[in-house]
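Coordinate-derived values only; no laboratory data. Computed from a prediction, not measured in an experiment: that's the story for all the values here. Cβ placement follows ideal geometry from the backbone for every residue including glycine, while neighbour counts extend to all protein chains displayed.
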Protein chains: 2
Amino acid sequence: MPKIVDHESRRIEVAEAVWTVVQRDGINAASVRAVAAECGWTYGMIAHYFKNRDDLLLFAYRLALTRELERAPTAKEQPDPVERLVGLLVRALPIDKDASLDLRIWLGFMGRVADDPSLAKAVLGEHSHYHSAVLDHVHECFEAARVSTPLPAETLTRQITVYVDGLGIAATLDPDTYSADTLESTLRMFLQAMGFDCAT
Amino acid sequence: MPKIVDHESRRIEVAEAVWTVVQRDGINAASVRAVAAECGWTYGMIAHYFKNRDDLLLFAYRLALTRELERAPTAKEQPDPVERLVGLLVRALPIDKDASLDLRIWLGFMGRVADDPSLAKAVLGEHSHYHSAVLDHVHECFEAARVSTPLPAETLTRQITVYVDGLGIAATLDPDTYSADTLESTLRMFLQAMGFDCAT
């Protein structure tokens, strides 16, 4: 196995230990030491692969986000572009244990981004793949004439991702109102109001 | 001065020291010790008025939120209900130093709410006055026939507050795109899409 692949697979192993710690003990418990204990590595071994706790959490966040993007329905699985968009967006919401994971890590960063612009930039960078995926889906809705709005695709995409971030927060603060079951219908209501031909 | 007023005015004095520390050093620097140093109190004196750091921050948050609500335009100052609604909502966004304050405290809580449902409930409770104020403004828009939507006022209000929370996050993560100047126009674009008769 070439060395670079080995390096990456080891980083993934550590990131998966981050996921386990976050899901079991919460984001604030996910220290380098706790993650080391979880995967049976020494502190020094983790320090060899990650600069610091933020670097470790950012990698675990990227990996969780990528996994959720991959779980969104493909065009073959879901021919309707509006339904594909819904399928993609709900993966960023706490609709199940796995989908909740990147939101939990992301919320952990939110506690510090206002104080730390470089961390804000790093989190934003990790988000860019997600933004591109949403934009692609929005373009497909335009091409299929399944959305009617005076807003251009890029602006509409920004409005959607702003809303979805807010909805993740709402689900965390008020899980009684925004339960897993109601998140999708709340999102659909928003998309319909924004001009998508979207069942609610 | 009756004792209860005295008690409250002392709590306000401490909360204002929280604001100073948050604005100068960031939310994570706002420990009970740092706040005590700022207002020249002992740790024990603060402990007499607040149970713990969260209790202190929640009070400072409520006070900052109340101040921003009071700064929103009144019906006398702004006869158009849609413009009043915009005026209220922008006070929850980082359009200036004062308006940024409650967002910064709120973001600090976000770092822990996923791990701590009782804190989530407390933050949500502090938010209820704000929610009521937005709902009142939305009702006034309906009464003046300045909004056209199939959504009932309560649902529309929830969609708006979810969006505004997301927009505050976007402004924090991506201040280049969501500068103070563009926040209001981005919000207006959203309100127009939601059916408000709103200039952009």
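GNM remark for chain B: springs join alpha carbons under 10 Å apart, and the peak mean-square fluctuation among B:63, B:103, B:124 falls on B:124.
The label-point distance for residue A:199 and residue B:23, in a model that sets each label 7 Å from Cα toward Cβ, rounds to 5.3 nm.
Computed over the Cα atoms of segment B:1-50, the ratio of the radius of gyration to the Kirkwood radius (Rg/Rh) comes to 1.01. With a Förster radius of 22 Å applied to the C-beta separation of residue B:6 and residue B:121, the computed FRET efficiency comes to 0.15. Label positions at residue B:55 and residue B:176, each projected 7 Å from the Cα along the C-beta direction, are separated by 4.5 nm. Can you check what the net charge comes to around residue B:139, using other residues whose Cβ is under 12 Å from the Cβ of residue B:139 (Lys, Arg +1; Asp, Glu -1)? Once all neighbours under 12 Å are counted, the net charge is -2.
Here the contact order of chain A, divided by its residue count and restricted to Cα pairs under 8 Å and six or more residues apart, works out to 19 percent.
Using a 10 Å cut-off on Cβ to Cβ distances, tally the other chain neighbours for every residue of A:150-157 and report the average as a whole number. Present the calculation step by step, with values, prior to reporting the outcome.
Numbers: counts 4, 4, 0, 0, 0, 3, 2, 0.
That works out to 2 on average.
Helical runs (DSSP H, four residues minimum) scored at -39500 (n - 2.57) apiece and divided by the length of chain A put the mean residue ellipticity at 222 nm at -23500 deg cm²/dmol. Taking B:17, B:47, B:99 as the candidate residues, the one with maximal mean-square fluctuation in a Gaussian network model of chain B, Cα springs under 10 Å, is B:47. For residue A:43 and residue A:136, calculate 0.36 nm times their separation in residues minus their Cα-Cα distance, and state this gained length in nm to one decimal. Extra length available between residue A:43 and residue A:136 comes to 29.4 nm. The 3J(HN,Hα) values that the Karplus relation (6.51, -1.76, 1.60; θ = phi - 60°) gives for segment B:175-183 are, in residue order, x, 5, 6, 9, 6, 3, 5, 8, 4 Hz. Gly and Pro appear as x.
The alpha carbons of chain A occupy a box of 55, 42, 31 Å along the principal axes, longest dimension given first. Once you divide the Cα radius of gyration of segment B:60-129 by 2.2 N^0.38 Å, the number left is 1.24. Here the spin labels are modelled as points 7 Å beyond Cα on the Cα-Cβ line, and at residue A:97 and residue B:96 they lie 5.0 nm apart.
Rounded to the nearest 20, the size of the Cβ-charge dipole of segment A:1-121 about its Cα centre is 220 debye, with Lys and Arg at +1 and Asp and Glu at -1. Using only alpha carbons, the protein assembly as shown has a radius of gyration to Kirkwood radius ratio (Rg to Rh) of 0.99. Mean-square fluctuations from a GNM of chain B, with a 10 angstrom spring cutoff on Cα atoms, peak among B:146, B:112, B:11 at B:112.
Which entries of A:121/B:51; A:121/B:97; B:97/B:121; A:76/A:121; A:51/A:97; A:76/A:97 show an alpha-carbon separation above 32 angstrom in the structure shown? Intermediate results must be reported in sequence, preceding the final value.
Details: A:121/B:51 35 Å; A:121/B:97 21 Å; B:97/B:121 27 Å; A:76/A:121 35 Å; A:51/A:97 28 Å; A:76/A:97 26 Å.
Beyond 32 Å: A:121/B:51; A:76/A:121.
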